[in-house]
Amino acid sequence: MSQRETTLTEFIIREQRRFPQATGGFTGLLNYIRLACKRISFVVGRGALGGATGTAGTANVQGETQMKLDVLANEIFVRTNEYGGHLAAMASEEMDAPYVIPDPELRGRYLLVFDPLDGSSNIDVNVSVGSIFSVLKCPEGVTQPTAADFLQPGSRQLCAGYAIYGPTTMLVLTLGNGVHGFTLDRGFGEFILTHENMRIPVDTREFAINTSNERFWEPPVKRYVEECVAGRNGPRGADFNMRWIASMVAEVHRILIRGGLFMYPKDTKDPSKPGRLRLMYEANPMAMIVEQAGGAASTGRERIMDVVPTDLHQRVPVILGSRNEVERIERYHRESDQGLDQPYTSPLFRERSLFTQ
Ligand code: AFP
């Protein structure tokens, strides 16, 4: 008898059985999230054949150009999840305000926050993109949730996950009991457990950052990257590799598979934005996943999941991945803030840029 495959549905039910008082509502919610990701995988996979590439000609609340698939993926998440009876409301990168479930009789106990299609600037060039989601509890007694009811720190998330639409479609999920990866078997349309208990190595020699922003970085980030680029002849005494896919889901997935460090730090490019990534539906869910896999997720100055949100669409600096590297960068931030840092100035690096000839 071959090894019996575990489907995502079976896994969720198995996890539910760990909580005797569970009613099955959370299980039902996860099954609708699963269905939404399958539907998005299908439309992403059709690409130009589905007429869904290119821009929608609109902008989201962030003022960012929306791709047609951003809007379509958002519609799929909302329409697939609104009738299940498990959610009181949903919030999304693509919606200015929360979407409250219209029929009060259909409102449940949970809040769903999501980035329906992250990395969408990669759609037209056929590079991996993904969906990121996070589940919070609707505050007791709240029947008409507002944005304020979503403003809970990441440590209050019940569940976090992402779907990555790449050569394979995978769904990676944590319910607070480790991180587990499921690969979509397109033959019969079910996610199969293929990566049980994913762990991030505590050390790494690979980092990901958009180096074109180097002139806007704070000193501790410049120091860290310069030391990595200095390689075996520099203070780290080792060569490093660099990646940048411009799709957070793909970066985080690589880190879960082989370790690494992802940084979208605070920069001075736009002083009104303390970073590019959004706390509620990018940083927090990814931080829960990374921590559950033994990694760390920081703003550079505090644990991401301790940040108390003040706005549904607020941005935070994000430094996450292999724990020892995150802790090193946090130390560099402390030393910089206390005026104690020892910036590295190799012959390679002039005060003007990493790459001065
Ligand atoms: P898009 O969804 O607009 O493509 O943004 C993706 C993202 O939020 C995150 O997934 C990437 O890591 C980051 O932005 C890429 O930012 P840059 O385009 O500045 O490199």
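Compactness of the chain, taken as the C-alpha radius of gyration over 2.2 N^0.38 Å, stands at 1.00. Each Lys or Arg adds one and each Asp or Glu subtracts one; over the other residues with Cβ under 14 Å from the Cβ of residue 5, this totals -2. When a/c is below 1.5 the answer is rounded, else prolate if a/b is larger than b/c, else oblate, so apply that to segment 114-256 with a ≥ b ≥ c taken from the square roots of the Cα gyration tensor eigenvalues. Taking the square roots of the gyration eigenvalues as a ≥ b ≥ c, segment 114-256 is prolate.
When each of the peptides 257-266, 109-118 is scored by how many other beta carbons lie within 10 Å of its residues on average, the order from highest to lowest is 109-118, 257-266. Net charge dipole, segment 205-298: roughly 80 debye, given to the nearest 20, about the Cα centre with Cβ charges of +1 for Lys and Arg and -1 for Asp and Glu. Close amide H contacts of residue 267 (hydrogens built in the peptide plane, cut-off under 5 Å, sequence separation of 5 or more or a different chain): 275. Entry note, the chain: the mean residue ellipticity at 222 nm calculated from DSSP H runs of n ≥ 4, each adding -39500 (n - 2.57), is -8500 deg cm²/dmol after division by the residues and rounding to the nearest 500.
Could you list 336, 131 so that the one with the fewest beta carbons within 10 Å of its beta carbon is first and the one with the most is last?
On the way: 336 19, 131 28.
Result, fewest neighbours first: 336, 131.
Rounded, prolate or oblate: which fits segment 103-180 when a ≥ b ≥ c are the square roots of the eigenvalues of the alpha-carbon gyration tensor, with rounded for a/c under 1.5 and prolate only if a/b beats b/c? Taking the square roots of the gyration eigenvalues as a ≥ b ≥ c, segment 103-180 is prolate. Remark: the chain carries a charge dipole of roughly 600 debye about the Cα centre, counting +1 on each Lys and Arg Cβ and -1 on each Asp and Glu Cβ.
Counting every Cα pair in segment 8-195, what percent are over 25 Å apart?
Values: 5959 of 17578 pairs.
Considering segment 8-195, 34 percent of its Cα-Cα pairs are separated by more than 25 Å.
Among 253, 304, 329, whose Cα lies farthest out toward the positive end of the dipole of segment 206-349, if unit charges sit on the beta carbon of Lys, Arg (+1) and Asp, Glu (-1)? Going by the Cα projections, it comes out as 253. Here the spin labels are modelled as points 7 Å beyond Cα on the Cα-Cβ line, and at residue 10 and residue 268 they lie 5.7 nm apart.
Most exposed first by the Cβ proxy, i.e. fewest other Cβ within 10 Å, how do 67, 288, 198 rank? Don't skip to the end; give the middle numbers.
Details: 67 22, 288 25, 198 19.
Listing 67, 288, 198 from fewest to most nearby Cβ atoms yields 198, 67, 288.
Restricting segment 13-53 to chymotrypsin sites (Phe, Trp or Tyr not before Pro) that sit in a DSSP loop and have at most 12 other Cβ atoms within 10 Å of their own Cβ leaves nothing. Calculated on C-alpha atoms, the gyration radius of segment 206-349 divided by its Kirkwood radius gives an Rg/Rh of 0.94. Within the same chain, lysines fewer than 8 places from residue 222 are excluded, and of the rest, those with a Cα less than 28 Å from its Cα are 266, 269, 273. Relative protection proxy for 240-252, 155-167, from highest mean packing down: 155-167, 240-252 (other beta-carbon atoms within 10 angstrom).
For a quick protection proxy, order the peptides 6-18, 185-197 by their average other-Cβ count within 10 Å, most packed first.
Working: 6-18: 15.6, 185-197: 13.8.
Result, highest mean first: 6-18, 185-197.
By counting other Cβ atoms within 10 Å of each Cβ, how are 78, 318 ranked from fewest to most? Numbers along the way, then the final one.
Values: 78 20, 318 26.
Ranking 78, 318 by Cβ neighbours within 10 Å, fewest first, gives 78, 318.
Roughly speaking, what % of Cα-Cα pairs in segment 205-264 are separated by over 17 Å, rounded to a whole number? Here the tail beyond 17 Å accounts for 40 percent of pairs.
Residues whose amide H comes within less than 5 Å of that of residue 206, counting only those at least five positions distant or on another chain, are 241, 261 (H built at 1.01 Å from N in the peptide plane). Per residue, the average separation of C-alpha pairs within less than 8 Å and at least 6 apart gives segment 206-349 a relative contact order of 28 percent.
Taken together, the values in this text are just the output of simple stated rules run on the coordinates, not laboratory data. Just so you know, these numbers come straight off a predicted model, no measurement behind them. We place every Cβ from the backbone using ideal geometry, glycine too, and count neighbours over all the protein chains shown.
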